[in-house]
Amino acid sequence: MAFKRDHPFSQFNFRVSWDGLGETTVEAGFQEVSGLGTEITVAEYRPGNHAFNSTMKVNGTHKVTDVTLKRGVIGSAELYTWINDVRNGTPNHFKNVTIKLMAEDRVTTVVQWKLTNARPMKYTGPSLNGKGTDLAIEELVLASERIDIELAA
């Protein structure tokens, strides 16, 4: 049975991890995750002997939307090393990424999204302004081959 209740969970208790990056390390301290989703294409088809004057909907391929992660610049080489491995064609540069939504106790996982064979496809460094007071935020966009959603038992 899934972890279910009458009101939605807050969006600000979440954890990110991937192969080689633990969810409680400072490198995994992301401020924002967006773009979790999947799309299934649908083709329209109508055979000539179809009894109705309308098309049928036939499932086609699916694709996973790109996931964007944002975090404060902390001087860690973890992201850059991964980006460099992908850019240089290093074998086995794919990683499995897990994003967990946590309950208010910050211990119980409510929902988790698993991205299979993820790799960085875009990195954006921070906007810098000599008069600004905002934190320096870096952005990583991941492409993956599959997303699976698991509800807590």
Subset of the range 98-125 [of a type in the set (Gly, Ala, Ser) and closer than 16 Å to residue 79 by Cα]: 118, 125
Within the range 63-82, tally of residues that are in contact with a strand residue (DSSP E or B) (Cβ under 8 Å, 6 or more places away or on another chain), assigned to a loop (DSSP other than H, G, I, E, B) and among the β-branched types (Val, Ile, Thr): 2
Residues located in the range 46-86, provided they are loosely packed, with under 11 Cβ neighbours inside 10 Å and under 21 Å from residue 124 (Cβ atoms): 75, 77
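Check the range 92-104 and report whether any residue there is surrounded by fewer than 12 Cβ atoms within 10 Å (Cβ to Cβ) and more than 26 Å from residue 9 (Cα to Cα).
Pass one, the range 92-104, residues surrounded by fewer than 12 Cβ atoms within 10 Å (Cβ to Cβ): 92, 104.
Applying the additional criterion that residues be more than 26 Å from residue 9 (Cα to Cα) yields 92.
Checked the range 92-104: at least one residue is surrounded by fewer than 12 Cβ atoms within 10 Å (Cβ to Cβ) and more than 26 Å from residue 9 (Cα to Cα).
So, of the residues in the range 10-53 that are hydrophobic (A, V, I, L, M, F, W, C) and in contact with an Asp or Glu (Cβ under 8 Å, 6 or more places away or on another chain), which turns out to be farthest from residue 135 (Cα to Cα)?
That would be 21.
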Residue in the range 12-55 that is farthest from residue 81 (Cα to Cα), counting only those that are assigned to a strand (DSSP E or B) and of a type in the set (Val, Ile, Thr): 42
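Suppose we keep only residues that are hydroxyl-bearing (Ser, Thr, Tyr) and in contact with a Phe, Trp or Tyr (Cβ under 9 Å, 6 or more places away or on another chain) within the range 105-127. Which one would you say is surrounded by the most Cβ atoms within 10 Å (Cβ to Cβ)? Even if it seems obvious, please write down each step before you answer.
If we filter the range 105-127 for residues that are hydroxyl-bearing (Ser, Thr, Tyr), which is where we start, we get 108-109, 116, 123-124, 127.
The next check asks that each one be in contact with a Phe, Trp or Tyr (Cβ under 9 Å, 6 or more places away or on another chain); those that pass are 108-109, 116, 123.
On the way: 108: 13, 109: 17, 116: 14, 123: 14.
Ranking the qualifying residues of the range 105-127, first place goes to 109.
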Considering residues of the range 1-33 that are free of Cβ contacts under 8 Å to residues at least 24 places away in the same chain and of a type in the set (S, T, N, Q) only, the residue surrounded by the most Cβ atoms within 10 Å (Cβ to Cβ): 25
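Out of all the residues in the range 103-117, which are in contact with a strand residue (DSSP E or B) (Cβ under 8 Å, 6 or more places away or on another chain) and either of a type outside the set (S, T, N, Q) or within 18 Å of residue 69 (Cα to Cα) (or both)? Quick ask: steps written out before the conclusion?
Of the range 103-117, the ones in contact with a strand residue (DSSP E or B) (Cβ under 8 Å, 6 or more places away or on another chain) are 103, 108-117.
Scanning the range 103-117 gives 103, 110, 111, 112, 113, 114, 115, 116, 117.
A short reminder: the numbers here are calculations on the coordinates, not readings from a lab. All figures in this text were calculated on a predicted structure; none of them were measured in a lab. Cβ atoms come from the backbone with ideal geometry, glycine included; neighbour counts cover every protein chain shown.
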